[in-house]
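Trainee: My structure is below; once you've seen it, I'll send some questions.
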Amino acid sequence: MSWLIGALIFWALAWGANIWLANGRFRASLSVRIFVPVLFGITILVLWEGVVRAFEVSPVILPAPTQVAETFAASTDLLWQDFEQTVLKGALRGYVIGALAAFLTAVAIDRSAFLTRGLLPIGNFVAALPIVGIAPILVSWFGFDWQSKAAVVVVMVFFPILVNAVQGLRETDAQARDLMRTYAAGYTQSLIKLRLPAALPFVFNGLKIAATLALIGAIVAEYFGSPTRGMGFRISTGVGSLSIDLVWAEIAVAAMAGSALYGAIALIEKRVTFWHPSQRT
Amino acid sequence: MKTTLAASALALMAGGAMAADEVRLQLQWVTQAQFAGYYVALENGYYDAADLDVTILPGGPDIAPPQVLAGGGADAMLNWMPSALAARERGLPVVNIAQPFKSSGLMLTCWKDTGITGPQDFKGRTIGVWFFGNEYPFLSWMSQEGIPTDGGEDGVTVLKQGFNVDPLLQRQADCISTMTYNEYWQVIDAGVSPDELVTFRYEEQGVATLEDGIYVLEENLEDPAFVDKMTRFVAASMEGWKWAEANPEEAAMIVLDYDQTGAQTEQHQLRMMGEVAKLTAGSNGALDPADYQRTVDTLLAGGSDPVITAAPEGAWTSVITDAALN
């Protein structure tokens, strides 16, 4: 029981510290803004550890964070191999292919009213396909290795990026377009100088949404047949062999990879769309 | 009003006191003839006669029976011994209390035109293997043959096979895992002639491990009431199995009645029951220590990647079958 009491005391103290910091004099400083959520995360881990130890929860149901950390440290080779297979090969390649395809389609749709009426509904249709339905089909088309995972990712990321890019390309106001016309700018010129920059905030929005989708797609696709590596493979088979600590370690890697990808895109966005009102501080 | 309430409360209490003992059995897979004995015992009233209220919980691709047992979701589970022993070594003390399946129905089914004639021909091939605890027999077989399972010219490339036979039909794999009573017939039903296939039964390769035993948590066996309940459960279940063996067609129809998904077909279940009866034949429910030893030896001979690292202690008990069958 002392574990539970200790965890609860830590919780109360951390809560108090966070309230004090969040209302304190330095609440706007970067270090406090980072410290508060980090402390919150640590509190959850401490509570988890306390509850698991106090109630002696079986490790095949819920392992303690320290046990997960031990497993993580002991199996970095395995985790890296899975990361390479799922994130670097499956998710990222599918993400790049899907994003490029969606972007080019958006420009084509923007160019022609015919395609707007024809292609957008198809994009919509593709987005409505259930992933658990198409994943096994794509596995049987593209094989068990990362290619079929990339294909699932392409299908998943295509629509959010397409819709955002199409919307973004329509974002310029009539005055700006008229101005370009008075400069005698052709379609390509006004696209590159005016409409693409204006579309960027929307495009980045789509890219950010798609970043986490890509990871989910790659992991879920591995449930439907995979070589004997990859995060989805490890998660789905780890449950069967009761290595739940390894499953949690994989989940931690997936969460970190997803956050890192999202963060990287957000950082690029900040650099590229510095002029946009949302980026001004 | 008060008296009616009191009377009904009394009736409830009486009912509670006389109610049959509850048993929840977690199956390894969806409702099918692989579990016919339990459905027959339920349908024919063998459980009722033993004063048991049995709930049969179907499994599926994402249900790990040991986890259900650990979480208190079931009193007993069906499991393959490799998976159960691995769970035991990972700190979930499960104990085999009965073994209705005498023989293993696991095999590898390969295309004959690949020229595979024996295990040594697997080198350089791609083989579909089920995971979720079902990969252990394969891994120990390969390590006994000295074939690595991480691909390459001299090893086999292992695919995580879903629970269908597509990888073989589409030739993404040269061989896949099949059960004599299930997937093998799916390949045949897909229009493949048995002549085009070559099969390797684990039983004949000397690496057969025990399948479909009844397992409970070790700590529960310290409770005499639980032991008594399980004794009646095993006796009634075996009665169901022997009836199913003797009456395969009726047994298959009973299974179909209990299949709430409606996914099973009559033809498939009739055939499955016929094949399953061959596997349960020769077992009266009691675990044969020699079979157990062969399973443990197979698993221990795991080479670089052993399934279990030490011979398990107390992984099975004859207490229940001794009482149930005498």
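The values are calculated or read from the model by the stated rules, or taken from the named source; none is laboratory data. Since the model is a prediction, treat every value here as computed from it, not as a measurement. Every residue, glycine as well, gets a Cβ built from its backbone with ideal geometry; the counts of neighbours run over all protein chains shown. What goes into the accessible areas is simple: the full protein's heavy atoms, side chains included, and nothing from ligands, DNA or RNA. Shrake-Rupley method; radii C 1.70, N 1.55, O 1.52, S 1.80 Å.
Trainee: At pLDDT below 90 and either open to solvent by less than 70 Å² (accessible area, probe 1.4 Å) or in contact with a His (Cβ under 6 Å, 6 or more places away or on another chain) (or both): does that describe A:Ser31?
Mentor: no
Trainee: Determine if the stretch A:95-103 includes at least one residue that is β-branched (Val, Ile, Thr), within 30 Å of A:Pro160 (Cα to Cα) and open to solvent by 60 Å² or more (accessible area, probe 1.4 Å).
Mentor: The answer is yes, given that some residue of the stretch A:95-103 is β-branched (Val, Ile, Thr), within 30 Å of A:Pro160 (Cα to Cα) and open to solvent by 60 Å² or more (accessible area, probe 1.4 Å).
Trainee: To continue, here is another question. So which residues in the stretch A:129-163 are within 11 Å of chain B (Cβ to nearest Cβ), among the hydrophobic types (A, V, I, L, M, F, W, C) and surrounded by 20 or more Cβ atoms within 10 Å (Cβ to Cβ), if there are any at all?
Mentor: A:Ala135, A:Val139, A:Phe144, listed by residue number.
Trainee: Identify all residues within the stretch A:59-74 that are within 14 Å of another protein chain (Cβ to nearest Cβ) and surrounded by 17 or more Cβ atoms within 10 Å (Cβ to Cβ); write none if there are none.
Mentor: A:Pro59, A:Val60, A:Leu62, A:Pro63, A:Ala64, A:Gln67, A:Thr71
Trainee: Name every residue in the stretch B:45-65 that is within 10 Å of chain A (Cβ to nearest Cβ), under 9 Å from B:Gln26 (Cβ atoms) and open to solvent by less than 40 Å² (accessible area, probe 1.4 Å), in order of residue number.
Mentor: Listed by number, the list holds a single entry, B:Pro65.
Trainee: Among the residues of the stretch B:163-185, is any assigned to a helix (DSSP H, G or I), in contact (Cβ under 8 Å) with a residue 12 or more places away in the chain, within 18 Å of B:Phe122 (Cβ to Cβ) and within 14 Å of chain A (Cβ to nearest Cβ)?
Mentor: yes
Trainee: Read through the list (1) within 14 Å of another protein chain (Cβ to nearest Cβ); (2) β-branched (Val, Ile, Thr); (3) surrounded by fewer than 18 Cβ atoms within 10 Å (Cβ to Cβ), then give the number of the only condition that B:Thr149 fails.
Mentor: (3)
Trainee: May I pose another question? What helices (runs of 4 or more DSSP H) lie completely within the stretch A:182-281 and have 3 or more residues being closer than 23 Å to A:Gln67 by Cα?
Mentor: A:231-240, A:244-272
Trainee: Among the helices (runs of 4 or more DSSP H) contained in the stretch A:81-158, which hold 1 or more residues that are touching a Ser or Thr at 6+ places or on another chain (Cβ under 8 Å) and within 15 Å of A:Ala221 (Cβ to Cβ)?
Mentor: A:131-142
Trainee: Moving to a separate point now. Only one of (1) closer than 27 Å to A:Ala255 by Cα; (2) surrounded by 15 or more Cβ atoms within 10 Å (Cβ to Cβ) fails for A:Ile109. Which number is that?
Mentor: In the conditions (1) closer than 27 Å to A:Ala255 by Cα; (2) surrounded by 15 or more Cβ atoms within 10 Å (Cβ to Cβ), A:Ile109 misses (1) alone.
Trainee: Give me the pairs, please: first residue somewhere in the stretch A:199-223 and under 23 Å from A:Trp146 (Cβ atoms) and among the aromatic types (Phe, Trp, Tyr), second residue anywhere and open to solvent by less than 40 Å² (accessible area, probe 1.4 Å) and part of a helix (DSSP H, G or I), beta-carbon distance under 8 Å, and either six or more positions apart or on two chains.
Mentor: Cβ pairs passing all conditions: A:Tyr223/A:Ala135; A:Tyr223/A:Gly232; A:Tyr223/A:Ser236.
Trainee: Scan the stretch B:261-277 and tell me whether some residue there is open to solvent by less than 60 Å² (accessible area, probe 1.4 Å), in a helix (DSSP H, G or I), farther than 22 Å from B:Leu57 by Cα and among the β-branched types (Val, Ile, Thr).
Mentor: no
Trainee: If you go through the stretch A:164-175 one residue at a time, how many are surrounded by fewer than 20 Cβ atoms within 10 Å (Cβ to Cβ) and either within 26 Å of A:Leu120 (Cα to Cα) or among the aromatic types (Phe, Trp, Tyr) (or both)?
Mentor: 6
Trainee: Specify the residue that is farthest from B:Asp150 (Cα to Cα); the eligible residues are those in the stretch B:278-314 that are open to solvent by less than 10 Å² (accessible area, probe 1.4 Å) and either at pLDDT 90 or above or assigned to a helix (DSSP H, G or I) (or both).
Mentor: So, considering only residues that are open to solvent by less than 10 Å² (accessible area, probe 1.4 Å) and either at pLDDT 90 or above or assigned to a helix (DSSP H, G or I) (or both), the one farthest from B:Asp150 (Cα to Cα) is B:Thr280.
Trainee: Considering the stretch B:218-234 alone, what residues qualify as being of a type outside the set (D, E, K, R) and surrounded by fewer than 22 Cβ atoms within 10 Å (Cβ to Cβ)?
Mentor: Hits for the stretch B:218-234 are B:Asn220, B:Leu221, B:Pro224, B:Ala225, B:Phe226, B:Val227, B:Thr231.
Trainee: Only one of B:Gly105, B:Gly128, B:Gly118 is at the interface with another protein chain (Cβ under 10 Å from one of its Cβ atoms) and open to solvent by less than 30 Å² (accessible area, probe 1.4 Å); which?
Mentor: Unique residue meeting the criteria: B:Gly128.
Trainee: Something else now. Test A:Leu119 against the stated conditions and say whether it is surrounded by 15 or more Cβ atoms within 10 Å (Cβ to Cβ), under 28 Å from A:Leu213 (Cβ atoms) and over 25 Å from the mean Cα position of the chain (by Cα).
Mentor: In short, yes.
Trainee: Same structure again: Would you check which residues across the stretch B:191-203 are part of a loop (DSSP other than H, G, I, E, B) and under 19 Å from the mean Cα position of the chain (by Cα) and list them?
Mentor: Answer for the stretch B:191-203, where residues must be part of a loop (DSSP other than H, G, I, E, B) and under 19 Å from the mean Cα position of the chain (by Cα): B:Tyr202, B:Glu203.
Trainee: What is the one condition in (1) touching a residue at least 60 places away in the same chain (Cβ under 8 Å); (2) part of a helix (DSSP H, G or I) that A:Leu62 does not satisfy?
Mentor: Going through (1) touching a residue at least 60 places away in the same chain (Cβ under 8 Å); (2) part of a helix (DSSP H, G or I) one by one, A:Leu62 breaks only (2).
Trainee: Any residue in the stretch B:210-217 that is on the phi < 0 side of the Ramachandran plot and in a helix (DSSP H, G or I)?
Mentor: Within the stretch B:210-217, not a single residue is on the phi < 0 side of the Ramachandran plot and in a helix (DSSP H, G or I).
Trainee: Could you grab me the full set of residues in the stretch A:229-262 that are open to solvent by 40 Å² or more (accessible area, probe 1.4 Å) and closer than 21 Å to B:Thr157 by Cβ?
Mentor: A:Arg229
Trainee: Condition first: in contact (Cβ under 8 Å) with a residue 12 or more places away in the chain, in a loop (DSSP other than H, G, I, E, B) and within 14 Å of chain A (Cβ to nearest Cβ). Now tell me which residues in the stretch B:84-102 satisfy that.
Mentor: Result: B:Leu92, B:Pro93.
Trainee: For the stretch B:258-277, give me the residue count where each residue is among the acidic types (Asp, Glu) and modelled with pLDDT of 90 or more.
Mentor: Final tally of qualifying residues: 1.
Trainee: Checking the condition aliphatic (A, V, I, L, M), open to solvent by less than 60 Å² (accessible area, probe 1.4 Å) and within 17 Å of A:Ala255 (Cα to Cα), which residue from A:Leu79, A:Leu88 passes?
Mentor: Within the list A:Leu79, A:Leu88, the selection yields A:Leu79.
Trainee: Of all residues in the stretch B:191-213, how many are open to solvent by 60 Å² or more (accessible area, probe 1.4 Å) and free of Cβ contacts under 8 Å to residues at least 40 places away in the same chain?
Mentor: The qualifying residues number 3.
Trainee: Right, something else. Taking the conditions exactly as written (open to solvent by less than 20 Å² (accessible area, probe 1.4 Å) and of a type in the set (Ser, Thr, Tyr)), does B:Thr178 satisfy them or not?
Mentor: In short, yes.
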